[in-house]
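> Just passing along the structure, written as structure tokens.
The values are calculated or read from the model by the stated rules, or taken from the named source; none is laboratory data. The model shown is predicted, which means the values in this text are computed figures rather than measured ones. Here the Cβ is made from the backbone with ideal geometry for all residues, glycine too, and neighbour counts use every protein chain on show. Please note that ligands, DNA and RNA were not included when accessible areas were found on the heavy atoms of the full protein model with its side chains. Shrake-Rupley method; radii C 1.70, N 1.55, O 1.52, S 1.80 Å.
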Amino acid sequence: MLLLHIPGSPIPQPRHRVAVRGKNARAYIPSKHPVHAWREAVRMSLVEQGVFDPAISSSHLIVMANFVLPRPASHYTKNGALTKSARPEPTGARDGDVDNLLKPVLDVMEAEGVFLNDSQVVRAFDVSKRFCDENEEPFAKVCILTHVELFALLSGLTPKQIIFPGALCYV
């Protein structure tokens, strides 16, 4: 199992822009887009936390993630209190979809060799987003595990105790 805490404001993966020069088209994300700084924060968290699990690198994977977003300035009054019209959950168009929040994290993990390809993720459940609580800084927490590890967690067994027909599976 891999558990990663990423401090900073999660940024959703934007749509690529397309530039056409002559007969050639090129898709790109503008170099000044904040998603690049978010990707660097993810990479630094991977390096600092020394996150790597050989069992994950070539397995079918399950992802759980929680993204804690900063509230927009428009949610606060001049004295710092929440306005009556402040949304309780980040459901605005600028808050990002949960799949687009997860995409840059998985892309960086793939690039850093945590797993071979993000197509190994066969299930993403409990991927959520919320606003920061009072006096809380924005962050993301991502958990990646194999099917065997998930089954072990849900059943109260250790992964080494799980037996599939004809084989003992070690994680």
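> List, in order, the whole-Hz ³J(HN,Hα) value for each residue of segment 116-123 obtained from phi through the Karplus relation with A = 6.51, B = -1.76, C = 1.60 and θ = phi - 60°; use x for Gly and Pro.
6, 8, 5, 6, 5, 6, 9, 8
> Further question on the same structure: Got a number for carbon plus sulfur as a percent of segment 18-126's accessible area, 1.4 Å probe?
53 percent
> Which far-off residues, 5 or more places away or on another chain, put their amide H under 5 Å from the one on C132, with H placed in the peptide plane?
L69, R71
> Could you go through segment 58-66 in sequence order and give the Karplus-derived ³J(HN,Hα) for each residue, using 6.51 cos²θ - 1.76 cosθ + 1.60 with θ = phi - 60°, rounded to whole Hz, and x for Gly and Pro?
Each residue's phi maps through the Karplus curve to give 10, 9, 6, 10, 10, 10, 10, 8, 10 Hz.
> Okay, moving on. Per residue, how much accessible area does the chain show when a 1.4 Å probe rolls over the protein heavy atoms, in square angstrom?
For the chain, the solvent-accessible area averages 63 Å² per residue.
> Related question: With a/c under 1.5 counting as rounded, go ahead and sort segment 1-92 into rounded, prolate or oblate using the C-alpha gyration tensor (a ≥ b ≥ c being the square roots of the eigenvalues; past the cut-off, prolate if a/b is larger than b/c, else oblate).
It comes out oblate by the Cα gyration axes.
> Taking GluC sites (Glu not before Pro) that fall in a DSSP loop and have at most 13 other Cβ atoms within 10 Å as cut points, what is the longest piece of the chain between them?
No qualifying site falls inside 1-133, the longest such stretch.
> Still on this structure, I have one more. Work out how much length T77 to Q49 would gain on full extension: take 0.36 nm times their residue separation and subtract the Cα-Cα distance, in nm to one decimal.
Net length gain for the segment: 6.3 nm.
> Taking only DSSP H segments of four or more residues, each worth -39500 (n - 2.57), what value at 222 nm results for the chain once the sum is divided by all its residues, to the nearest 500 deg cm²/dmol?
One gets -7500 deg cm²/dmol as the mean residue ellipticity at 222 nm.
> Test of understanding: given the chain, find the longest segment containing no chymotrypsin sites (Phe, Trp or Tyr not before Pro) that are in a DSSP loop and have at most 14 other Cβ atoms within 10 Å.
53-169
> For labels at K84 and H60 in the simple 7 Å Cα→Cβ model, what's the distance in nm?
Roughly 5.3 nm, to one decimal.
> Could you work out how far the C-alpha centroid of segment 72-96 sits from that of segment 1-61, in angstrom?
Centre-to-centre distance over Cα atoms comes out at 27 Å.
> While we're on this one: Just one of (1) 118; (2) 167; (3) 133 is volume of the Cα convex hull per residue in Å³ calculated from these coordinates, so which is it?
After the calculation, the listed value that fits is (2).
> What stretch of the chain, leaving out the sites themselves, is the longest with no trypsin sites (Lys or Arg not before Pro) in a DSSP loop having at most 11 other Cβ atoms within 10 Å?
Longest site-free region, per DSSP loop and neighbour criteria: 95-171.
> What percent antiparallel are the DSSP beta bridges of the chain, to the nearest 5?
DSSP beta bridges in the chain are roughly 75 percent antiparallel.
> Cut-off under 23 Å on the C-alpha distance; same-chain residues fewer than 8 positions from K141 excluded. Which lysines are left, in chain and number order?
Those lysines meeting the cut-off are K103, K129.
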